[in-house]
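For reference, the structure discussed in these notes is given below.
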Amino acid sequence: MPLKIKKVVDNKPDEARKPVKLILLGDSAVGKSKLVERFLMQRYIPVQMSTYALTLYRYDFINEDDEAIDVDIWDTAGQERFSTMHPAYYHEAHACILVFDVTRKATYKNLEKWLSELRNYREHIPCIVACNKIDTDPSVVSKAFAFVEKHKLTLHYVSAADGTNVVRLFEAAILEGVKYQKNPQNEDFMAQVIGLIKEGERKDEAATAAPQGGTTAN
């Protein structure tokens, strides 16, 4: 079910909105940012998350059923060069695109590491694999990849350079994220823990602020 761009939305945080959060993972220079920019065709509002060196691209979409879908696409902004991502990157993510560069075998081997880290934070979110830079060798589309089969993931052959299958990749990831978000059983465990901690802090503060009662012995 294809999606179409409705409009660019305001980049100010809106607590009332619950956008679908889509994240991208993979080694440095595999083309994650270029894939995002190709998908959005330069019509995006980057929101720099300077605290964590992250960038999100906020968009509003409508599917063919005229359902509005707000999507936040998060980019690593180069943080992956440290071989790990800040936990905030994974927090409340609804879908993930794992990207590797077909011309660099090491980036494919490192998918295991990225998937393992993802599952530490978001155990059940849908994940799609993107084999990027197929424009350099179109015959790669006939090749099977053991990593994809092992983890039962969907594979998309794409090219950020010429746009091949980029829209299809992001549409598939967004729709998977929408389905995941709509299932209440998929609530973020980290969010639950944080909520319990905050609730405990509020109770402690209330107990401290309450007047102390008692009697004095004669």
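The values are calculated or read from the model by the stated rules, or taken from the named source; none is laboratory data. Just so you know, these numbers come straight off a predicted model, no measurement behind them. A quick note on method: Cβ atoms are made from the backbone with ideal geometry, for glycine too, and the neighbour counts reach across all protein chains shown.
If I go through the stretch 122-171 residue by residue, how many of them are of a type in the set (Val, Ile, Thr), outside any helix (DSSP H, G or I) and under 27 Å from THR84 (Cβ atoms)?
Count: 5.
Can you confirm whether the stretch 188-201 contains a residue that is under 26 Å from GLU67 (Cβ atoms) and modelled with pLDDT under 95?
yes
Check ILE97, ILE73, ILE69 and return the single one that is β-branched (Val, Ile, Thr), in contact with a strand residue (DSSP E or B) (Cβ under 7 Å, 6 or more places away or on another chain) and closer than 18 Å to SER116 by Cβ.
ILE97
Determine if the stretch 167-182 includes at least one residue that is loosely packed, with under 12 Cβ neighbours inside 10 Å and either at pLDDT below 95 or closer than 17 Å to ILE97 by Cα (or both).
Yes, the conditions are met somewhere in the stretch 167-182.
Does the stretch 83-105 contain at least one residue that is at pLDDT 90 or above, out of contact with any helix residue (DSSP H, G or I) (no Cβ under 8 Å at 6 or more places or on another chain) and closer than 19 Å to HIS156 by Cα?
yes
Is it fair to say LYS6 is surrounded by 15 or more Cβ atoms within 10 Å (Cβ to Cβ), in a strand (DSSP E or B) and modelled with pLDDT under 90?
Against the criterion (surrounded by 15 or more Cβ atoms within 10 Å (Cβ to Cβ), in a strand (DSSP E or B) and modelled with pLDDT under 90), LYS6 qualifies.
Six or more apart or on different chains, Cβ under 7 Å: which pairs go from a residue in the stretch 140-159 that's more than 13 Å from CYS127 (Cα to Cα) to one that's part of a helix (DSSP H, G or I) and acidic (Asp, Glu)? Could you list them?
SER159/ASP135
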